Each structure stands twice: as structure tokens, then as C-alpha cells.
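Comments concern the structure below.
Rule-based calculations on the coordinates, nothing more; no lab input. Just so it is clear, the structure is predicted and the values come from calculations on it, not from any experiment. Heads up, the Cβs are rebuilt from the backbone with ideal geometry, glycines too, and the neighbour counts pull from every protein chain shown.
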Amino acid sequence: MKTSHIILLGLAVGMAACDSDSDAQKKVTVTGIAYVKGSSSPVAGGTVSIAESPTLTTTTDATGRWSLEVDKGATVTPFMVAEGFVTTHTETFTADGDLADVHFQMIPPTLFELLAGALGIVPDPAKCQISTEVTDLMAQDLSLEALITERPHGVEGVTIAMDPTGGPITFFAFGEPFDLPNADLTATTTSGGLVSTQVDPGVYTITATHPSRTFSSIKITCAAGRFINATVPHGLHETAR
């Protein structure tokens, strides 16, 4: 092989390696807003982190907004710690591209305790508690304020499965200002809300089934004492009709 060909081949290999390194180092952005459940009031000054990369942190601004850069393709479970609120994790995402509208619906401890009482449980610190919503396709186009004020945006008649099987699932009936758990329900109402309580640590996939509508599935990473709220516009959102 001629020397010039060897040099060109070496350059090509080197460039390919550089491209590969560049791909591995690509970053994507995760953004969202933290707000108080039942209102559009922002939660400012809270600390947002990534469970899989706890050194990645940021602080919500005066409007509750936050942003973090993560490695492209990384597994990310954002969570937020704020004084006066229950520490909240989101669902677990794969960051194949930018992730927008990863919102935190923050709950004061008194409300959390009231909801636990309505569900008939005392949260076990060795288990996790999961909350999510099954939402209509139109909710994907709403602003956060509209999502909060233009309720309900749930889908009736959706059944839920967890793989592996988690804790008991309770569905919510629509109510003002908060939806109410109803142990007699076997599928979603217009609230779209549901919880799975006292779930063992592990990784779960939650799926939503309807006779004529299609929804995303979500990945949930449970750990001892964790409260997970996979909220709109993510969570179990409609993807087609």
C-alpha cells in the first residue's frame, strides 16, 4: 500500500474515532416547572437533581423553572427537594433528545398525609408511593397554566397494569380543588388520576389500555421512601386517536 494511502486511511480512522467520541459526549437538556399542586403558584428556590447523577443539580428560579444538561442517551430520574414540600421524583426517562415540560407537582406534607389517610395507608418508609395520570391527547398542547385550570383532562375507562406487579392501584374521581380516591373504581374516570401504594423497590413499567385509544407507557424507579409523581404532560399520556 502506498504511503499516501496509509496516511489517508489513518486520518479516516482518526476522524471516525473523533466523531464517536463527540457522539458519546453530546448533551441534551431537561427542563420543567415546579408548582404547588392545585394551583399555578411556582415553587422557587427548590433543588432539582438527577437520581442517577446526584452531583448534577440546579435551583428553580422565581417562576419555578429549572434546566439541567445530561448525557445524551442517559437514564434520568429528576427529583426535587424544597422546604415545605414532600420530596418528589418524576418517572424515569431515557434522554435520547431534549426533554421538555418535566414538571414537578409539589405537595405539602399536610396534604400528603390527608391523601394517605383517604387511601387508608401509613406510607411505609421501606417502600415507594406512585402517582400518575392518564391524559387526553389535547393536553399535550396546553400550557402549564391551562393544564392546571382547564380540568379535567383525563380519559375514562382506562385500565392499568404494572410489570412486575406492584402495589394496589386506586383510581380517582374528579373533584374540586382536588380529585378524590375511590377504592370501588376499577378504571380511570375523567380525573385520569391513579396511585399505586406501598410498592417494593425495583423498576416497573406501567401501561394503560383502552378499547380504542393508545397511551404511552412509563418507567418507574422505586426506592425506599420515594414518592413518585409522573405528571402531565408526561405520565400515561395519549399518543394517538
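Put in order of Cβ neighbour count within 10 Å, fewest first, the listed residues ARG241, ARG151 become ARG241, ARG151.
Checking (i) 1.44; (ii) 1.18; (iii) 1.03 against Cα Rg over 2.2 N^0.38 Å calculated from these atoms, the matching label is (ii). Can you figure out the FRET efficiency of LYS26 with ALA224, using R₀ = 45 Å and their beta-carbon distance, to the nearest 0.05? About 0.85, to the nearest 0.05. Evaluated with a Cβ-only charge set (Lys, Arg +1; Asp, Glu -1), the chain carries a dipole of roughly 400 debye about its Cα centre, given to the nearest 20.
Here the spin labels are modelled as points 7 Å beyond Cα on the Cα-Cβ line, and at ARG65 and THR239 they lie 2.9 nm apart. The Cα atoms of the range 100-239 give a gyration tensor whose axes a ≥ b ≥ c have a/c under 1.5, which makes the shape rounded.
Here the Gaussian network model covers the chain, with springs between Cα atoms less than 10 Å apart; of GLY46, GLY64, GLY175, GLY175 fluctuates the most. For the range 158-209, the Kirkwood hydrodynamic radius comes to 11.6 Å, computed from all pairs of different C-alpha atoms. Relative to the current alpha-carbon distance between HIS210 and ALA183, full extension at 0.36 nm per residue lengthens the span by 7.7 nm. For the pair GLU156 and ALA118 in one chain, pulling the backbone fully straight at 0.36 nm per residue adds 11.5 nm over the alpha carbon distance. For the options PHE171, PHE112, PHE227, a Gaussian network treatment of the chain with springs between C-alpha atoms closer than 10 Å singles out PHE112 as fluctuating the most. The Cβ shell under 12 Å around THR77 holds other residues with a net charge of 0, Lys and Arg each +1, Asp and Glu each -1.
As a proxy for reagent exposure, ranking PHE104, PHE174, PHE85 by other Cβ atoms within 10 Å from fewest up yields PHE174, PHE85, PHE104.
Could you tell me which of the pairs LYS26/LYS127; LYS27/LYS127; LYS37/LYS219; LYS72/LYS127 are separated by over 26 angstrom between their Cα atoms in the structure shown? In this structure, LYS26/LYS127; LYS27/LYS127; LYS72/LYS127 exceed 26 Å between Cα atoms. The residues neighbouring SER39, those whose beta-carbon lies less than 13 Å from its own, together hold a net charge of 0 under the Lys/Arg +1, Asp/Glu -1 convention. With neighbour counts taken as other beta-carbon atoms within 10 Å, the residues HIS237, HIS210 rank, fewest first, as HIS210, HIS237.
For the range 173-241, the equivalent ellipsoid built from the Cα gyration tensor has semi-axes of 21, 18, 11 Å, listed from largest to smallest. When the chain is treated as a GNM with alpha-carbon contacts under 10 Å, the residue of VAL122, VAL102, VAL76 showing the greatest mean-square fluctuation is VAL122.
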